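Take a look at the structure below.
Here, each number is a calculation from the coordinates, and none is a lab measurement. Just so we're clear, the structure is a prediction, and the values are computed from it rather than from any experiment. Counting neighbours? That spans all protein chains shown, and the Cβs are built from the backbone with ideal geometry, glycine included.
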């Protein structure tokens, strides 16, 4: 009984330590994450066709960054419902650059061959400007991308105006797309009109980005 009592006594201490470790990790991620109003970190990545894309080459246009993993239930929610493609079509038709970025390391969930990526993209009728490969996770870590999806909106001056969740329904349920407040759409519309984005940062939700070691 004494052993059990001792372990029960130690449990709150252990939970407190775990909580502090988690908060420290979150604080570290927050400290390194790009901040709305500051210049978005530049990067260069290759797409599935072998073409290089550098963020700064799109200066003068709005850019959306979408961290993607087709095997993630939260990503499936937005693609199977057609929500993500609808946004992509609407804004790419208006001249906005939409870059899907996959930071899954080889052997991890979401890492596919270029053929599989093209197959799935076509099956979903995706309308992003390009699907970029970030196998080493360098760009994902540069942006502190935590989840799939994790969304970023960059204005024509190259400044980050939004980062976080796609909407306010943090579930993998397709039915929750309807009636949700879409933060990406709100940020784009405000920025396009030259207005300040009301909420420049929200907590992202989804599967963890499958970085390598």
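Among all positions in segment 138-145, there is no residue which is in a strand (DSSP E or B), crowded, with 18+ Cβ neighbours inside 10 Å, touching a residue at least 40 places away in the same chain (Cβ under 8 Å) and out of contact with any helix residue (DSSP H, G or I) (no Cβ under 7 Å at 6 or more places or on another chain).
Among the residues of segment 95-123, the one identified as surrounded by fewer than 18 Cβ atoms within 10 Å (Cβ to Cβ), in contact (Cβ under 8 Å) with a residue 24 or more places away in the chain and more than 27 Å from residue 212 (Cα to Cα) is 95.
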